[in-house]
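Asker: Just passing along the structure, written as structure tokens.
The values are calculated or read from the model by the stated rules, or taken from the named source; none is laboratory data. Since the model is a prediction, treat every value here as computed from it, not as a measurement. Here Cβ is always computed from backbone atoms with ideal geometry, including for glycine, and neighbour counts include all displayed protein chains. For the accessible areas, the whole protein counts, side chains as well, though only heavy atoms, and no ligand, DNA or RNA atoms are used. Shrake-Rupley method; radii C 1.70, N 1.55, O 1.52, S 1.80 Å.
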Amino acid sequence: MKLKEYEALSLLDESGIVTPERVLLTSLKQAASISFPKLVIKAQTLEKKRAKRGLVIISSLSNAIEKITRLLNEGMRKGSFSEVLVEAYVEHTHEYYVSFSFDTGRRSPVIILSLEGGVDIEDLGKKNPNKVLIHTINSLTGLTKREIVILLEQLRYDKDKESLSAFILTLYDCFEKNDLSLLEINPFVYNPLSSSYLVLDVHMALDDSALSRHSFSFKERTGLRESNERERAAHEIDKNDYRGVAGRTYLDLDGDIALLASGGGASLTAVDSLVSYGGKLANYTEYSGNPSAEKVKKLTSLTLSKEGLCGCWVVGGTANFTDIYETLKGFSLGLLSISPKPTYPIVVRRAGPRDKEAFAMLRQFALAHGFDMHLHDESIPISYSAKIMVELGRSYKEKHGNTHR
Amino acid sequence: MAILIDEKTRILVQGITGKQGAIATKEMLSYGSNVVCGVTPGKGGEYVEGLSVYNSVREALQLSVIDASVVYVPPFFVKNAVFEAIDAGVKLIVIVTECVPLHDSAKIIAYAREHSVRLIGPSSVGIISPGRSKVGSVGGFDRAFSPGKVGILSKSGGMLSETALLLTQRGIGQSTAVGIGGDVLIGSSFSDLLSLFEKDEETDAVVVFGEIGGSYEEELAAFIKHKNCTKPVVAFISGAFADHLPSIPLGHAGAIIEGASGTRTSKVSSLKAAGVLVAEVHHELVDLLEKALSSWNGKQK
């Protein structure tokens, strides 16, 4: 989960890193208290390259209100951000870059360091590879001061290596202690007034798998935007029941085919097929790891609570250990909770342990309750099932008019 | 002999008394796997499926010989469990547990490397050498896998068996199928395991199921391009849908697009450039495989 700048700054503060004086604004009213003589106004969006897109503005105090107003209005108009961070401007002569992340090639954490920060580091690395150093960190021993000093020597850093390496070590500590998957400081600067290094911009991401061993209180988000109500509800379903995974990933989309996919890899494969046949998804969600019937029931109720659907696709690969009977039982219970009763086609494509029992149960269930259900076992590949779903959805729309908003 | 495991492999289950560990133990035994015993701290002296449970891996190893350990402990306990197995001298460790924190995975991988331990996972569904043995939760669906001469490597567990099923339906059996896991950091990558298949006399070709995110598919392409593998490789990469959805992990933790790297487009083009046959739709994998096998068999004669 990516953090907004002001959230990331709060974690840096806790780690003892120096950050600029700042005020977070959600409305213009709060701007009255600002008294920095020169300031930086920054949109709190998760997207990168804010400066290039005019979302970071340097201003004098006298022009500040006008500029803050403009930025807040822009965020509101686009719906992309609702908060603006105002920082005291820090005079500096030089900008530096450092980041910590995980590299799949090296299969370890890496530090990337450059004395030329404030620019796109990937571009710089391509043009001038000797100005951007990437160094593998041994995660068993951690990063050492000696390693950093050597990196600084390679970069021909001619000032105080001791204090800079102490600063970098504190950042590494923050990366490790908080289970961050990314900590990127671009740039940091030296402030002679306080004789300390100071962070001017930060990108930070938390490791979703480690969240529950920390007590963070950041708001949940889906990719680069804040999660909506349905997405948050899906996350709750997952958090409140430890058996298997259901709803941890939930993405509200604007199509009309509801999706309940099973298994991480199969879900993506299935969706690729559906999209290639012209299907449009109302959501993306998945369950896996043998979740309880209760959990699948809740996720079904939530997914199908959306209006304007023309089909529901329950799809997965060939399960190794997920109990198909349990999960499809959960699906049928969820289906019963939807009002008005869905009349759109429901296509189920599943194979795995207890699938024959599950299909017999669903056949009975569809008959008893009058659902238009199409059951596919492993003799129908995922991609054919996608085609059938798209075609059935299309003819449902033709018959019933386009019910989609 | 297939790769990694066969009927002789002696297996230890860490977390054997947990729900998934106990189910997997039962299934492995009924498949014919040589499961020897299990470990759950504090539950020493109990029995699961007639097998002894010990308090520690060291204790288990004093009384039995073990070739492989499969790890079913909860995510935050995985690091210590794996360190314990490595310290006790186990040389093949399969982590089935999902959602292991990244910083823990990094330490586990580094420690395994230091001790020359073969690590599969985290988030691996397991390993199966059909008809001989399986380790982990793979192969609960008995119509999917069949013995034969094609290796399978997959980030996804469900798509490992789905892919095996495609092959089996066409009469093509498998030597060994491995779920490598869909996490950002994994113990054994596609290319690590492809080098084992290359040396395996019982494997004629390898099928790869990859997905967006990370660089394991690109690494595989480079590995093949440098002629480290002469056997035919066919692949399918999922996630076209997600190429334009930045910063959202879809399906697996590792399936996340950051900037231009890790997209399906970049993976497919680098694999094709290395001579790998890449299927556009998953079920076409088997057609490409048949084509590759017949031309490879022709060359062998």
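Asker: If you take the residues of region A:252-267 that are facing chain B (nearest Cβ under 10 Å) and in a strand (DSSP E or B), which of them is nearest to A:D323 (Cα to Cα)?
Answerer: Applying the filter and picking the extreme gives A:S262.
Asker: Being crowded, with 24+ Cβ neighbours inside 10 Å, of a type in the set (V, I, T) and touching a residue at least 40 places away in the same chain (Cβ under 8 Å) is the filter here, so list the residues in region A:241-267 that pass it.
Answerer: Listed by number, the list holds a single entry, A:I257.
Okay, residues lined up against (1) basic (K, R); (2) within 17 Å of B:Y72 (Cα to Cα):
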{"residue": "B:V96", "(1), (2)": "no, yes"}
{"residue": "B:V100", "(1), (2)": "no, yes"}
{"residue": "B:K107", "(1), (2)": "yes, no"}
{"residue": "B:A110", "(1), (2)": "no, no"}
{"residue": "B:S124", "(1), (2)": "no, yes"}
{"residue": "B:G151", "(1), (2)": "no, no"}
{"residue": "B:L160", "(1), (2)": "no, no"}
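Asker: Can I ask one more? Restricting to region B:1-30, give me the number of residues that are within 18 Å of the chain's Cα centre (by Cα) and within 15 Å of B:G126 (Cβ to Cβ).
Answerer: 16
Asker: Next question, about the same structure. If I go through region B:204-221 residue by residue, how many of them are within 12 Å of chain A (Cβ to nearest Cβ) and either free of Cβ contacts under 8 Å to residues at least 40 places away in the same chain or open to solvent by 10 Å² or more (accessible area, probe 1.4 Å) (or both)?
Answerer: Counting residues in region B:204-221 that are within 12 Å of chain A (Cβ to nearest Cβ) and either free of Cβ contacts under 8 Å to residues at least 40 places away in the same chain or open to solvent by 10 Å² or more (accessible area, probe 1.4 Å) (or both) gives 4.
Asker: Taking the residues in region A:15-36 that are in contact (Cβ under 8 Å) with a residue 40 or more places away in the chain and not hydrophobic (A, V, I, L, M, F, W, C) as candidates, determine which candidate is most open to solvent (accessible area, probe 1.4 Å). It would help to see each step written out before you state the result.
Answerer: From region A:15-36, those in contact (Cβ under 8 Å) with a residue 40 or more places away in the chain are A:15-28, A:31, A:34, A:36; that's our starting set.
From what is left, the residues that are not hydrophobic (A, V, I, L, M, F, W, C) are A:15-16, A:19-22, A:26-27.
Values: A:S15: 38, A:G16: 59, A:T19: 25, A:P20: 6, A:E21: 129, A:R22: 69, A:T26: 80, A:S27: 40 Å².
Within region A:15-36, the match that is most open to solvent (accessible area, probe 1.4 Å) is A:E21.
Asker: Using beta carbons and a limit of 6 Å, which pairs, at least six apart or on different chains, have the first residue in region A:351-377 and without any contact (Cβ under 8 Å) to a residue 60 or more places away in the chain and the second one open to solvent by 20 Å² or more (accessible area, probe 1.4 Å) and in a helix (DSSP H, G or I)?
Answerer: Note: pairs meeting the criteria are A:R354/A:Y325; A:E357/A:Y325; A:A358/A:Y325.
Asker: Residue under question is B:K155, and the condition is that it be charged (D, E, K, R) and touching a residue at least 60 places away in the same chain (Cβ under 8 Å); does it hold? Give the steps one after another, and end with the answer.
Answerer: Numbers: charged (D, E, K, R): yes; touching a residue at least 60 places away in the same chain (Cβ under 8 Å): yes.
Considered against the rule, which asks whether it is charged (D, E, K, R) and touching a residue at least 60 places away in the same chain (Cβ under 8 Å), B:K155 comes out as yes.
Asker: What is the one condition in (1) in a loop (DSSP other than H, G, I, E, B); (2) crowded, with 18+ Cβ neighbours inside 10 Å that A:D238 does not satisfy?
Answerer: The failed condition is (1).
Asker: Regarding region A:161-182, can at least one residue be identified that is among the polar types (S, T, N, Q), open to solvent by 40 Å² or more (accessible area, probe 1.4 Å) and within 14 Å of chain B (Cβ to nearest Cβ)? Write out each step before concluding.
Answerer: Let us first name the residues in region A:161-182 that are among the polar types (S, T, N, Q), namely A:163, A:165, A:170, A:178, A:181.
Filter once more, keeping what is open to solvent by 40 Å² or more (accessible area, probe 1.4 Å): A:163, A:170.
From what is left, the residues that are within 14 Å of chain B (Cβ to nearest Cβ) are none.
Looking through region A:161-182, none of the residues is among the polar types (S, T, N, Q), open to solvent by 40 Å² or more (accessible area, probe 1.4 Å) and within 14 Å of chain B (Cβ to nearest Cβ).
Asker: Out of region B:18-38, which residues are surrounded by 19 or more Cβ atoms within 10 Å (Cβ to Cβ) and among the hydroxyl-bearing types (S, T, Y)?
Answerer: B:T25, B:Y31, B:S33
Asker: Filter region B:144-171 down to the residues that are over 18 Å from A:A351 (Cβ atoms) and either at the interface with another protein chain (Cβ under 8 Å from one of its Cβ atoms) or out of contact with any Ser or Thr (no Cβ under 7 Å at 6 or more places or on another chain) (or both) and list them by number. It would help to see each step written out before you state the result.
Answerer: Narrowing region B:144-171 to residues over 18 Å from A:A351 (Cβ atoms): B:147-151, B:153, B:155, B:171.
Residues satisfying the conditions are B:P147, B:L153, B:K155, B:G171.
Asker: The conditions are (1) touching a helix residue (DSSP H, G or I) at 6+ places or on another chain (Cβ under 8 Å); (2) within 30 Å of A:P37 (Cα to Cα); (3) modelled with pLDDT of 95 or more, and A:E95 fails exactly one of them. Which is it?
Answerer: The single condition A:E95 does not satisfy is (1).
Asker: Now a separate question. Hey, B:G126 hits all of (1) surrounded by fewer than 22 Cβ atoms within 10 Å (Cβ to Cβ); (2) touching a Lys or Arg at 6+ places or on another chain (Cβ under 8 Å) but one; which does it fall short on?
Answerer: Looking at each condition in turn, B:G126 falls short on (1).
Asker: Another question, if that's okay. Determine which single condition B:M159 fails, assuming it passes every other condition in (1) in contact with a His (Cβ under 8 Å, 6 or more places away or on another chain); (2) open to solvent by 10 Å² or more (accessible area, probe 1.4 Å); (3) aliphatic (A, V, I, L, M).
Answerer: (2)
Matching residues to (1) open to solvent by 10 Å² or more (accessible area, probe 1.4 Å); (2) charged (D, E, K, R); (3) under 28 Å from B:A106 (Cα atoms):
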{"position": "B:R132", "(1), (2), (3)": "yes, yes, no"}
{"position": "B:R143", "(1), (2), (3)": "yes, yes, no"}
{"position": "B:V150", "(1), (2), (3)": "no, no, no"}
{"position": "B:S154", "(1), (2), (3)": "no, no, yes"}
{"position": "B:L165", "(1), (2), (3)": "no, no, no"}
{"position": "B:A177", "(1), (2), (3)": "no, no, yes"}
{"position": "B:F190", "(1), (2), (3)": "no, no, yes"}
{"position": "B:L194", "(1), (2), (3)": "no, no, yes"}
{"position": "B:E202", "(1), (2), (3)": "yes, yes, no"}
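Asker: Quick check on region A:89-103: of everything there that is open to solvent by less than 20 Å² (accessible area, probe 1.4 Å) and within 14 Å of chain B (Cβ to nearest Cβ), which residue is farthest from A:I41 (Cα to Cα)?
Answerer: A:F100
Asker: While we're looking at this one, here's another question. Since A:I134 meets every condition but one in (1) in contact (Cβ under 8 Å) with a residue 24 or more places away in the chain; (2) farther than 16 Å from A:H94 by Cβ; (3) open to solvent by less than 20 Å² (accessible area, probe 1.4 Å), which condition does it not meet?
Answerer: Going through the list (1) in contact (Cβ under 8 Å) with a residue 24 or more places away in the chain; (2) farther than 16 Å from A:H94 by Cβ; (3) open to solvent by less than 20 Å² (accessible area, probe 1.4 Å), A:I134 breaks only (3).
Asker: Which members of region B:44-76 meet the condition of being without any contact (Cβ under 8 Å) to a residue 24 or more places away in the chain and open to solvent by 40 Å² or more (accessible area, probe 1.4 Å)? Show your work before the answer.
Answerer: Within region B:44-76, the subset without any contact (Cβ under 8 Å) to a residue 24 or more places away in the chain is B:44-45, B:47, B:50, B:52, B:54-55, B:59, B:62.
Listed by number, the residues that qualify are B:G45, B:Y47, B:G50, B:N55, B:E59, B:Q62.
Asker: Going through A:I111, A:I137 one at a time, which residue ends up being modelled with pLDDT of 90 or more, touching a His at 6+ places or on another chain (Cβ under 6 Å) and of a type outside the set (G, A, S)?
Answerer: On the way: A:I137 fails: touching a His at 6+ places or on another chain (Cβ under 6 Å).
None of the other options fit; the residue is A:I111.
Asker: Quickly run through region B:222-240 and pick out the residues that are of a type outside the set (G, A, S) and either within 14 Å of chain A (Cβ to nearest Cβ) or farther than 16 Å from B:L277 by Cβ (or both). Steps first, answer last, please.
Answerer: From region B:222-240, those of a type outside the set (G, A, S) are B:223-234, B:236-237; that's our starting set.
Of everything in region B:222-240, those that are of a type outside the set (G, A, S) and either within 14 Å of chain A (Cβ to nearest Cβ) or farther than 16 Å from B:L277 by Cβ (or both) turn out to be B:F223, B:H226, B:K227, B:N228, B:F236, B:I237.
Asker: How many of the residues in region B:89-115 are more than 9 Å from chain A (Cβ to nearest Cβ), under 18 Å from the mean Cα position of the chain (by Cα) and open to solvent by 10 Å² or more (accessible area, probe 1.4 Å)?
Answerer: 4
Asker: What number goes with the only condition from (1) out of contact with any helix residue (DSSP H, G or I) (no Cβ under 6 Å at 6 or more places or on another chain); (2) within 14 Å of another protein chain (Cβ to nearest Cβ) that A:A366 does not pass?
Answerer: Going through the list (1) out of contact with any helix residue (DSSP H, G or I) (no Cβ under 6 Å at 6 or more places or on another chain); (2) within 14 Å of another protein chain (Cβ to nearest Cβ), A:A366 breaks only (2).
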